[in-house]
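Just below is one structure, and these are the notes that go with it.
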Amino acid sequence: MDIHILAPKAGEDYPTDWNEFLTWFASEEACLSYLERLRWPAGFVCPACSCIDQPYRSSRGRMVCRDCGHQCTVTAGTIFEKTRTPLRVWLAAAWYLTSQKQGVNALGLQRVLGLGSYQTAWAMLHRFRAAMVRPGRELLHGKVEVDETYLAISDRQNPVTAKGRKNNTAKTLIVIAVEMLEPKRLRENPPAAHRR
Ligand SMILES: [Zn+2]
């Protein structure tokens, strides 16, 4: 049996600019079928019985296994599971997040995508960041320097009252560690942040 590898190929199956991105991911269906190629690069595999067969497809991207009748979606068990935000917006956020040299914050994401709420933008970034941590990444070793600082985080959602803005500023502890390499190079771990 020929196995068709459907997984997107690096340098080929990724849009090269924003215009191309808009063409590729013009609809929810286009986003779903792209995610399907990522998730099942050799074709659909039933998560319940592991049978490899084209599933029945029903509305809203639901897939039903021909063998055991298990129902699933391509987003089940991923960071997109049960989201009310359209996948087009998710993928646009991924594009934005990975193309900004200076990094992205929730307010910037909310503005650029026209998201209804700051919380939505914040939650999206949080899920992306959690997913971008490489499992089994090597730890820093040898000569490691660690320092800490505080970052003041104010609650932007706080209404401005007659007495002025309610002070609801939290301090976030930021810890940064670098491994000292010879000759002078640094290797950084992503900073760990703890809300105080
Ligand atoms: Zn099955």
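No lab work stands behind these numbers, since they all come straight from the coordinates. This is a predicted model, so every value here is computed, not measured. All Cβ positions, glycine included, derive from the backbone under ideal geometry; neighbour counts span all protein chains shown.
Data for the structure
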{"quantity": "Per-residue Cβ neighbour rank within 10 angstrom, fewest leading, Tyr96, Tyr56", "calculated": "Tyr56, Tyr96"}
{"quantity": "Exposure proxy ranking, count of Cβ atoms within 10 Å, fewest first, for Thr120, Thr85, Thr169", "calculated": "Thr169, Thr85, Thr120"}
{"quantity": "Mean separation of Cα contacts under 8 Å, 6 or more apart, over the residue count of segment 81-132: relative contact order %", "calculated": "28"}
{"quantity": "Neighbour-count order for His126, His70, His141, fewest beta carbons within 10 angstrom listed first", "calculated": "His141, His126, His70"}
{"quantity": "Crossing angle, helix 28-39 versus the chain [Cα axis fit, 0-90 degrees, rounded to tens]", "calculated": "90"}
{"quantity": "Trypsin sites (Lys or Arg not before Pro) restricted to DSSP loop in segment 7-47 with at most 11 other C-beta within 10 Å", "calculated": "Lys9"}
{"quantity": "Kirkwood Rh and Cα Rg combined as Rg/Rh, segment 81-132", "calculated": "0.91"}
{"quantity": "Within the chain, helix-based [θ] at 222 nm, where runs of 4 or more DSSP H residues each add -39,500 (n - 2.57), nearest 500", "calculated": "-8500 deg cm²/dmol"}
{"quantity": "Convex hull (Cα only) mean projected area of segment 6-66, reported in nm² to one decimal", "calculated": "4.6"}
{"quantity": "10 °C / 1.306 mPa s Stokes-Einstein diffusion coefficient of the chain, Kirkwood radius on C-alpha pairs, µm²/s", "calculated": "77"}
{"quantity": "Spacing of the two label points (7 Å from each Cα toward its C-beta) at Ala152 and Leu38, in nm", "calculated": "3.8"}
{"quantity": "For segment 1-111, alpha-carbon Rg over 2.2 N^0.38 Å", "calculated": "1.20"}
